[in-house]
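Take a look at the structure set out below.
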Amino acid sequence: MLYLPHTSEEIASMLKVVGVDDLDGLFSTVPEDCRLRDNLNLPEALSEWELNDHMASISGSMAVSPEYKVFMGAGSYEHFIPASVSYLLGRSEFVTSYTPYQPEMSQGTLQAIYEYQTLVARLLGMEIATASHYDGATALAESLLMAVRITKKRKVAISSLIHPLYRRVVQTYFNPTGYEVLELKYLKNGMTDFTKLDEMDDLAAVAVQSPNFLGCIENLQAIGERAHAKKALFISSFTEALAYGYLKNPGSQGADIVCGEGQSLGIPQAFGGPALGILASRKEYMRSLPGRLVGQTKDLDGKRGFVLTLATREQHIRREKATSNICTNNSLCALAAAMYMASVGGTGIRELARLNHDKAEYLKKELKKAGFKISFDSPTFNEFVVEFPPDFEVTYKRLLERKIIAGLFLAPYYPELANHYLLCVTETKSMDEMDELVSKLRN
Amino acid sequence: MKESLGTTGLILNEPLLWEKGKKGRCGFSIPRRDVESCPLDEDLTCEGPDFPDLSEVDVVRHYTRLSQWNFGVDSGMYPLGSCTMKYSPKTNEKQAGLSGFSGAHPLLPANLSQGALKIMFEFEQYLAEITGMDATTLQPAAGAHGELTGMLLIYAFHKSKGVRRSKIIIPDTAHGTNPASVTLCGYRPVSVRSNEQGILSAEAIADVMDDDTAGIMVTNPNTLGLFEENIQKIAEIVHSKDGLVYCDGANMNAVMGIVQMGKIGVDIIHLNLHKTFSTPHGGGGPGSGPVCVKRHLESFLPVPRVIQENGRFILAENYPESIDKVSAFHGNFGVMIKAYSYIRSMGPKNLKKASQLAVLNANYIKERLKRTLHLAFDRPCMHECVFSDKYQVAHKVMTLDMAKRLMDYGFHPPTIYFPLVVNGAIMIEPTETESKEDLDQYIEAFKAIVNEARENPDLLHEAPKSCKVKRLDEAAAARKPCLAG
């Protein structure tokens with residue numbers, strides 16, 4: 001086997017050093033009745049070439065770009081990833097190292113994560129960011145728990161326009177804790193209704209998502225002011241990180257904690273994971289942050305270097321008193337995001353974000369012209385909701401056969417939005433492709 | 001002794017990203033604008049983030065130089081105990097990169113994502129077979145996330161019986177994540193000491209197990225690298241009070257094809273795909289932490305579940321007792337592809353062989369170093385062995401100094417100061433992918449360092465000498481944190 005380097009002679013000589021007769025003899029401390037008698041019931045080994053054929057045939061059955069035109073976002077976005085990013089990310093010094101416990105041998109990872117923390121903080125208008133989390137949903141759950149720890153209050157209010165799957169994860173995390181999750185309804189214009197906040201007490205946090213799940217850009221400043229009036233922390237969540245290349249960042253609108261999904265920043269969609277949980281906050285909450293942090297320091301000669309820091313918050317030191325049970329971050333995904341942000345640059349990210357917005361506006365306009373109803377009139381970024389006629393399901397299926405995915409059907413998530421679809425347009429869609437979608441929708 | 005691996009080479013300096021670049025450069029091919037400009041209201045927009053503008057060459061050189069300051073399994077032996085730093089096969093990366101997998105949207109209808117669902121369905125079964133369990137969820141994104149999922153399952157199980165219990169038993173050899181995971185679920189960890197042999201005694205568990213204890217969380221093999229020999233008796237005690245047995249399967253690499261945890265009393269186990277199943281550690285993630293359970297816990301697993309109906313795979317949501325979702329989508333699918341590929345490449349015989357050789361390598365190191373370093377427990381170990389700095393303290397040399405000196409010899413140090421039950425612990429897990437020559441070279445390096453500790457301890461105090469930086473001031477970093485530039 002190519003990953004097992006031992007020859008039989010080597011095995012024999014090593015067994016002799018250990019003082020046992022055969023490989024089974026190594027397991028003398030495993031009681032007889034704990035041992036498996038038969039072989040594992042698994043498929044026999046494939047050669048590298050057989051594996052290639054097997055996997056190619058399985059992956060071939062998936063509906064993906066460029067064969068399919070996918071106009072669906074909803075928390076996972078198709079964006080171009082430069083070859084240079086994929087290539088650099090494959091450097092095995094990054095890929096095959098681990099959490100940088102030994103900083104002198106891990107300065108590459110450490111500087112890169114420090115740069116990631118900085119770029120993310122700048123993107124979101126916050127002072128600090130963690131070294132990353134699992135995904136946007138868990139970053140939100142951790143942010144809410146963080147707010148509970150900081151304020152010592154027991155309830156959180158979250159917008160019903162936060163990604164429905166994120167809200168389910170939050171509820172899973174909160175179920176055994178005894179803390180309560182209250183939901184804020186939404187208005188006819190596709191924005192969160194925060195008037196009910198006045199009736200809610202003991203709030204640790206108010207959380208909204210912008211652009212929200214229906215694509216609309218929330219009035220963060222107004223919500224933040226309401227949250228602060230209730231002495232609650234204001235948490236701003238997101239699923240489309242690229243939006244902040246163009247939109248005012250949540251930090252400038254008063255957010256205390258910003259969390260969300262960074263998949264748009266150079267990470268393949270990969271059926272939903274691995275993803276990139278982003279969590280940033282104001283500096284005053286630094287010691288309440290969950291997860292890893294990289295900080296700058298000096299070596300014995302006074303030279304700049306980087307280390308994992310503030311470990312006293314963490315599980316390996318504080319054990320049950322830790323701020324979280326998180327052990328690893330999603331380091332390689334954070335690295336991809338840093339490489340992506342470095343490649344696209346400050347000038348480029350604004351241009352790219354504008355292009356996303358303008359293309360989505362083009363499709364919106366063409367759909368309107370074709371007589372379809374845009375459900376909400378609030379400003380959007382690269383996603384928006386369309387209300388199609390009641391018999392649209394047939395059309396949707398016909399389009400699937402023509403390899404076009406015309407958005408996400410919203411009724412399973414919002415039963416009141418029957419016949420409503422969430423559409424997404426990124427820089428990957430050309431005008432011609434959008435025109436084709438509209439013309440096929442018409443017929 | 002062979003020539004040492006460690007040498008001095010040309011290492012290039014590289015500034016921080018924002019210390020480079022010129023306004024107006026771009027390393028990204030912005031798509032052609034084929035639609036009209038349609039600006040948003042200015043109240044909503046900003047000038048864009050303060051990122052540096054860099055060319056593609058700037059970016060490529062930056063990260064290439066940074067990568068050269070790093071050390072990975074592909075650079076050399078990286079025997080971090082408890083982390084299973086085995087070789088990550090390259091073909092697995094290739095499979096995960098297939099566009100059908102890497103380009104797939106997670107909310108694709110089931111009939112357009114049969115391939116991904118097939119992989120997940122089969123992979124769940126493989127993991128259930130390896131652990132001797134009945135059902136698997138792939139949704140947890142890392143080992144600690146799997147632990148949390150396991151605790152949520154225990155909570156849901158007792159809740160379904162109409163009871164709420166308040167404690168979980170955790171041995172002193174547990175991973176630090178264990179007590180933290182328990183606390184996140186509202187439980188109080190009850191610590192139990194391991195005995196003079198480094199394992200749990202059934203009596204110690206019987207003393208603390210009661211009707212208010214939801215279960216036990218035991219790492220097996222434990223963090224001393226020892227098999228918990230009394231596991232069956234312990235499971236009986238816990239089950240007799242209607243508690244559940246959770247196994248932290250981080251050390252599964254020792255017993256694939258040798259022990260099926262489900263057959264020896266374990267109800268729930270999590271696996272770390274980046275440890276046992278060779279997926280790369282990525283500088284600290286992404287990992288993946290599937291959880292396998294026995295039949296009586298299956299109905300509580302996260303949804304959606306992948307099931308097969310009339311030869312097609314579908315995503316089923318209708319499990320009213322489910323703890324619901326722990327990740328937004330299906331978990332770290334990209335990591336699953338690599339682990340699936342590994343299992344298919346290895347087959348049942350090589351998986352068992354891998355565990356046997358992992359245990360052989362650890363015992364070989366233990367035997368060859370036990371007269372050089374103090375061995376915490378002198379008995380047969382599993383996949384890792386734990387030494388300490390007891391013999392070196394007299395020379396004012398500590399574990400940390402020896403670890404740093406190993407770098408100069410071209411090796412990554414082992415895990416140090418863990419497990420906490422051994423003072424100055426040095427925890428070595430070589431894994432099966434290291435050859436005898438590499439082990440011999442590591443052993444010789446350690447012996448040479450122990451000699452240096454006697455003859456010239458300052459060499460160790462000043463180590464490392466050949467890395468990009470010298471020893472870093474971690475205390476200063478924590479005292480005055482600087483987390484962003």
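The values are calculated or read from the model by the stated rules, or taken from the named source; none is laboratory data. None of these values were measured; they are calculated from a predicted model. Reconstructed Cβ throughout: ideal geometry from the backbone, glycine too, with neighbour counts over all protein chains shown. Just so you know, the surface numbers come from the protein's heavy atoms only, side chains and all, with ligands and any DNA or RNA stripped out. Shrake-Rupley method; radii C 1.70, N 1.55, O 1.52, S 1.80 Å.
Please give the FRET efficiency for A:Asn443 paired with A:Ser288, using the beta carbon to beta carbon distance and R0 = 60 Å, rounded to the nearest 0.05.
0.60
Along the Cα→Cβ direction, 7 angstrom out, place labels at A:Ala370 and B:Lys370. What is the inter-label distance in nm?
Output for this residue pair reads 7.5 nm.
For chain A, what value does the Rg/Rh ratio take when both radii are computed over Cα atoms and Rh is the Kirkwood radius, given to two decimals?
Radius of gyration over Kirkwood radius for chain A works out to 1.04.
B:Asp43 to B:Asp211: extension gain in nm, 0.36 nm per residue of separation minus the Cα-Cα distance?
Values: separation 168, 0.36 × 168 = 60.48 nm, distance 6.02 nm.
Between B:Asp43 and B:Asp211, full extension yields an extra 54.5 nm.
Taking a probe of 1.4 angstrom, what is the accessible area of B:Lys396 in Å², to the nearest 10?
Answer for B:Lys396: close to 150 Å² accessible.
Check which residues have an amide H placed less than 5 Å from B:Val192's amide H, if you skip close sequence neighbours.
So B:Val192 has HN proximity to B:Ile170, B:Asp172.
Report, in deg cm²/dmol and to the nearest 500, the calculated mean residue ellipticity at 222 nm for chain A, where each DSSP H run with n ≥ 4 adds -39500 (n - 2.57) and the sum is divided by the residue count.
On the way: 12 runs with 154 residues, N = 443.
Value at 222 nm, helices only, nearest 500: -11000 deg cm²/dmol.
So if each residue of separation counts as 0.36 nm, and I subtract the Cα-Cα distance between B:Leu420 and B:Ala475, what length gain in nm does that give?
Values: separation 55, 0.36 × 55 = 19.80 nm, distance 2.05 nm.
So the extension gain works out to 17.7 nm.
Given the range A:83-340, what whole percent of its Cα pairs are spread farther than 30 Å?
25 percent
For the range B:140-217, just list the percent of Cα-Cα distances falling in each 5 Å bin from zero outward, please.
Percent of pairs per bin, in order: 3, 16, 26, 22, 18, 11, 3, 1.
Let me check the size of the range A:217-372 from its C-alpha atoms; what are the radius of gyration and Dmax in Å?
Rg and Dmax of the range A:217-372, Cα atoms, are 19.2, 70 Å.
Relative to the longest principal axis of the C-alpha atoms of chain A, give the angle of the C-alpha long axis of helix A:331-369, reported between 0 and 90° and rounded to the nearest 10°.
Roughly 30 degrees between the two axes.
Treat each spin label as a single point 7 Å out from the Cα along the C-beta direction, and report the B:Gln125 to A:Glu50 distance in nm.
My value for the distance between the label points is 1.7 nm.
Could you state the angle between the C-alpha long axis of helix A:136-151 and the longest principal axis of the C-alpha atoms of chain A, as a value from 0 to 90 degrees rounded to the nearest 10?
Roughly 90 degrees between the two axes.
For B:Lys94, B:Lys353, give me the order by solvent-accessible area with a 1.4 Å probe, most accessible first, ignoring ligands, DNA and RNA.
Details: B:Lys94 115, B:Lys353 70 Å².
The most accessible residue leads, giving B:Lys94, B:Lys353.
On average, how much area does the Cα convex hull of chain B cover when viewed from any direction, in nm²?
Over every viewing direction, the Cα hull of chain B projects on average to 28.6 nm².
Before I look further, what does chain B give for accessible area per residue, probe 1.4 Å, in whole square angstrom?
Normalised by residue count, the accessible surface of chain B is 33 Å².
Can you pull the accessible area of A:His228 for me, 1.4 Å probe, Å² to the nearest 10?
80 Å²
State to the nearest 20 debye the size of the charge dipole of the range B:356-467 about its Cα centre, where the only charges are +1 on K and R beta carbons and -1 on D and E beta carbons.
Charge dipole, the range B:356-467, about its Cα centre: 380 debye, nearest 20.
Normalise the Debye intensity by I(0) for the range B:91-345, one equal point scatterer per Cα, no solvent, then take log10 at q = 0.09, 0.12, 0.14 Å⁻¹ and round to two decimals.
The calculated log intensity ratios at q = 0.09, 0.12, 0.14 Å⁻¹ are -0.38, -0.67, -0.90.
Which three extents, in angstrom, do the Cα atoms of the protein assembly as shown have along their principal axes, listed largest first?
Largest first, the protein assembly as shown extends 82, 61, 58 Å along its Cα principal axes.
By accessible area of protein heavy atoms, probe 1.4 Å, what ranking do B:His239, A:His54, B:His270 get, highest first?
Largest to smallest exposure gives the sequence B:His239, A:His54, B:His270.
Note the buried accessible area between A and B here, summed over both chains, with a 1.4 Å probe, in Å² to the nearest 100.
Adding both sides of the contact gives about 16700 Å².
Can you give me the long-range amide H partners of B:Val218? Hydrogens built in the peptide plane at 1.01 Å from N, cutoff under 5 Å, separation of 5 or more residues or another chain.
B:Tyr246, B:Cys247, B:Asp248
Per 10 Å bin from zero, what fraction in whole % of the C-alpha pairs of the range A:321-442 is there, up to the bin with the longest pair?
11, 34, 26, 20, 8, 1
Say the dipole of the range B:296-352 comes from +1 at the beta carbon of Lys and Arg and -1 at that of Asp and Glu; which of B:His330, B:Tyr319, B:Phe300 then lies farthest toward its positive end?
Farthest along the dipole direction, towards plus: B:His330.
Keeping all protein chains in the complex and leaving out DNA, RNA and ligands, what accessible area do you get for A:Asp256 with a 1.4 Å probe, in Å² to the nearest 10?
10 Å²
Which order do B:Ile428, A:Ile81 take when ranked by solvent-accessible area (1.4 Å probe, heavy atoms of all protein chains), largest first? Mind showing how you got there, number by number?
On the way: B:Ile428 0, A:Ile81 60 Å².
Ranked list, largest accessible area first: A:Ile81, B:Ile428.
Along each of the three principal axes of the Cα atoms of the range B:40-139, give the extent in whole Å, ordering the values from largest to smallest.
57, 46, 24
Which value, in debye to the nearest 20, gives the size of the charge dipole of the protein assembly as shown about its Cα centre, when Lys and Arg are +1 and Asp and Glu are -1 at the Cβ?
The calculation lands at about 1260 debye.
Rounding to the nearest 20 debye, state how big the charge dipole of the range B:91-345 is about its Cα centre with +1 on each Lys and Arg Cβ and -1 on each Asp and Glu Cβ.
600 debye
Kindly write out, for the range A:240-255 in residue order, the coupling ³J(HN,Hα) from the Karplus curve 6.51 cos²θ - 1.76 cosθ + 1.60 (θ = phi - 60°), rounded to whole Hz, with x marking Gly and Pro.
Ordered by residue, 3J(HN,Hα) equals 10, 5, 4, 3, 7, x, 10, 7, 4, 6, x, x, 5, 9, x, 5 Hz.
Provide, in order from the shortest bin, the percent of all Cα-Cα pairs of the range B:356-467 in each 10 Å bin, continuing until the bin that contains the maximum pair distance.
Calculated P(r), rounded to whole percents: 15, 50, 31, 4.
If you line up the long axis of helix A:48-59 against the longest principal axis of chain A, both from Cα atoms, how many degrees apart are they, to the nearest 10?
20 degrees
Pull out the extension gain between A:Asp24 and A:Lys185, defined as 0.36 nm times the separation in residues minus the alpha carbon to alpha carbon distance; nm, one decimal.
Full extension from A:Asp24 to A:Lys185 adds 51.7 nm.
Measure off, as a whole percent, the carbon and sulfur share of the 1.4 Å-probe accessible area of the range A:83-340, all protein chains present.
Carbon-and-sulfur percentage of accessible area, whole number: 49.
Amide H of B:Glu228 versus every other amide H placed in the peptide plane: which residues, excluding those fewer than 5 positions away on the same chain, fall under 5 Å?
B:Asn222
What is the spin-label model distance, in nm, from A:Glu436 to B:Lys22 if the labels are put 7 Å beyond Cα along the C-beta direction?
With each label placed 7 Å out from Cα toward Cβ, I get 4.1 nm.
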